[in-house]
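Read-outs: derived from the displayed coordinates by stated rules, not from any lab. This one's a predicted model, so the numbers in the text were calculated from it and none came from an experiment. FYI the Cβ positions are ideal-geometry reconstructions off the backbone, even for glycines, and counts take in every protein chain you see.
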Amino acid sequence: MSWMKEKNIPFTFHDYKTMGITAKILKSWCEQLGWETIFNKRSTTYKELGPEKQASITSAAKAIPVMVEHTSIIKRPVITKADKVVMVGFDAKKYAEVEW
């Protein structure tokens, strides 16, 4: 958010950790980029799931319900424009290349 504010780029912030997120939105994101891009296997939340649960998450269909329930597992930020995912994660160099 700081980067966008510094560049005077208007945005709307949706905190899915507190506001939640729908399976429909996550399905769209996964279809656009693949569930592995959206699902953060490095997160503390993922590590707390335990090996059996982790091993069971092998597809978007299995990852989406986990992301709905445990929103901290979603990589952040997810930048969308007109329902299209523009970027996942922060990379100032890549952000500078986007037409905002």
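Computed with the Debye formula from one identical point scatterer per Cα of region 30-70, without solvent, the log10 of I(q)/I(0) at q = 0.27 Å⁻¹ comes to -1.00.
Does the chain come out rounded, prolate or oblate by the C-alpha gyration tensor, with a ≥ b ≥ c the root eigenvalues, rounded set by a/c under 1.5 and, if not, prolate when a/b is larger than b/c and oblate if not? Cα axes put the chain in the prolate bin. Each residue of region 35-42 was assigned a 3J(HN,Hα) from its phi angle through the Karplus expression (A = 6.51, B = -1.76, C = 1.60, θ = phi - 60°), giving 5, 5, 6, 7, 7, 9, 6, 8 Hz with x at Gly and Pro. Across region 55-81, the residues whose backbone nitrogen lies under 16 Å from the label position 7 Å along the beta-carbon direction of residue 17 are 67-79.
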